[in-house]
1. Past the 15 angstrom mark, what percentage of all C-alpha to C-alpha distances in segment 30-84 do you count?
2. Pulled fully out, how much extra length does the chain show between residue 43 and residue 69, if you take 0.36 nm times their separation in residues and subtract their Cα-Cα distance?
């Protein structure tokens with residue numbers, strides 16, 4: 001049976017690991033996470049952005065003023081969302 005190891009950065013010690021504290025949880029939305037953040041000088045490429053989490057992420061990043069590039073398999077779906085512009089400020 002193989003022994004399982006937890007992933008550690010190379011050259012680190014156990015003391016290097018610490019829990020990240022955040023006010024966000026499983027029910028947090030992308031808008032809550034991006035609230036108050038100005039992404040006007042940033043570009044985001046969102047894969048899977050023709051439905052579900054991808055389109056919600058693209059919309060939220062666009063609302064935070066990021067320049068968003070949608071990466072989709074079906075360009076008709078991508079064009080439909082860009083035409084709708086529901087994720088742009």
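1. Numbers: 613 of 1485 pairs.
Tail of the P(r) past 15 Å holds 41 percent of the pairs.
2. On the way: separation 26, 0.36 × 26 = 9.36 nm, distance 0.76 nm.
This chain segment gains 8.6 nm when fully extended.
Read the figures in this text as sums done on the coordinates, not as results from a lab. None of these values were measured; they are calculated from a predicted model.
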